[in-house]
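Heads up, the thing below is written out as structure tokens.
The values are calculated or read from the model by the stated rules, or taken from the named source; none is laboratory data. From a predicted model like this one, the values you see are computed outputs, not experimental measurements. Reconstructed Cβ throughout: ideal geometry from the backbone, glycine too, with neighbour counts over all protein chains shown.
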Amino acid sequence: MGTSELEELLPRVVGVLDAVRVPYMVAGSVASNVHGVERSRSDLDIVIDPDAATLEALVDALPRSAYHGSADAAREALRARTSFTVVDFATATRIDFIIKKDRLFSQLEMERRVRVDLHGCSVFVVSAEDTIVAELEWSKQQGGSKTQIQNAADILARRGDTLDRAHIARWVAELDLAAEWEKAAAVRARPTV
């Protein structure tokens, strides 16, 4: 997904989420790019926090003429606290709607989201600190993924003293991510272009 596709898609999707009152935050590669890490974007990851009624409103607000997705998959994702995928026909972009996990870190992550201007669209994005923690957690879940460790290291290098290190340390300890944190701290950041 290139910049032009993101510029075209983001206002539409954010507009729908705002209209149906589903709390959200953009995550994944788009959030990493916001925090200074150049990553290619193949999809749009959005963490959402709907209840049953607002999820139905979201599904109804994504017309079948413009999006491909399954209402049943969305309902199952809410029940299981996982994710569901919708494809935007206009940009051929996959949108992964990730249901917010039912845990304290995820609740605080949503509360700490930051509003940024992204390609002329005002959107909520996962904070830099929580993006680091998410990258570390994803690396651990993937059996030590070096890509996520590198992404965390790059954000650490680029955001440096502006980061809330106490917040990161708390969640590294509580989510048992010390080994991943040590790897990220030891990795050199990729040079900026």
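Assorted remarks:
- Matching residues, the stretch 78-100, being at pLDDT below 95 and of a type in the set (Gly, Ala, Ser): Ala90, Ala92
- Any hit, the stretch 128-137, residues being surrounded by fewer than 21 Cβ atoms within 10 Å (Cβ to Cβ) and within 23 Å of Tyr24 (Cα to Cα): yes
- For beta carbons closer than 8 Å, sequence separation of 6+ or different chains, a first residue in the stretch 42-55 that is outside the structural domain of Val22 (by TED's automatic domain parsing) and a second that is at pLDDT below 95, there are no qualifying pairs.
- Flag for Gly15 being over 11 Å from the mean Cα position of the chain (by Cα) and outside any helix (DSSP H, G or I): no
- Residues in the stretch 138-175 that are over 17 Å from the mean Cα position of the chain (by Cα), under 21 Å from Lys101 (Cβ atoms), modelled with pLDDT of 90 or more and loosely packed, with under 12 Cβ neighbours inside 10 Å: Ala173 only.
- Residues of the stretch 84-136 that are more than 24 Å from Arg12 (Cβ to Cβ) and of a type in the set (A, V, I, L, M): Leu104, Leu108, Ala128, Ile132, Val133, Ala134, Leu136.
- Restricting attention to the stretch 71-87, the residues being over 19 Å from Val16 (Cα atoms) and either among the hydroxyl-bearing types (Ser, Thr, Tyr) or touching a Lys or Arg at 6+ places or on another chain (Cβ under 8 Å) (or both) number 2.
Okay, residues lined up against (1) within 19 Å of Asp72 (Cα to Cα); (2) hydrophobic (A, V, I, L, M, F, W, C); (3) touching a strand residue (DSSP E or B) at 6+ places or on another chain (Cβ under 8 Å):
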position	(1), (2), (3)
Leu9	no, yes, yes
Leu17	yes, yes, yes
Arg21	no, no, no
Asn33	no, no, no
Val37	no, yes, no
Ser42	no, no, yes
Pro50	yes, no, yes
Thr54	yes, no, no
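- Here Phe84 clears all of (1) part of a loop (DSSP other than H, G, I, E, B); (2) touching a helix residue (DSSP H, G or I) at 6+ places or on another chain (Cβ under 8 Å) except the condition numbered (1).
- Qualifying residue in the stretch 55-63 (condition: at pLDDT 95 or above, of a type outside the set (Phe, Trp, Tyr), in contact with a Leu (Cβ under 8 Å, 6 or more places away or on another chain) and surrounded by 12 or more Cβ atoms within 10 Å (Cβ to Cβ)): yes
- If you filter the stretch 64-92 down to residues that are acidic (Asp, Glu) and more than 22 Å from Ser42 (Cα to Cα), you find that the one that is surrounded by the most Cβ atoms within 10 Å (Cβ to Cβ) is Glu76.
- Counted residues, the stretch 115-140 - those being basic (Lys, Arg) and outside any helix (DSSP H, G or I): 1
- Ile95 passes every criterion in (1) assigned to a helix (DSSP H, G or I); (2) surrounded by 19 or more Cβ atoms within 10 Å (Cβ to Cβ) apart from (1).
- Hits in the stretch 1-28 (condition: farther than 19 Å from Gly120 by Cβ and free of Cβ contacts under 8 Å to residues at least 60 places away in the same chain): Val20, Arg21, Val22
- If you filter the stretch 35-48 down to residues that are buried (at least 19 other Cβ atoms within 10 Å of the Cβ) and not in a strand (DSSP E or B), you find that the one that is modelled with the lowest pLDDT is Val37.
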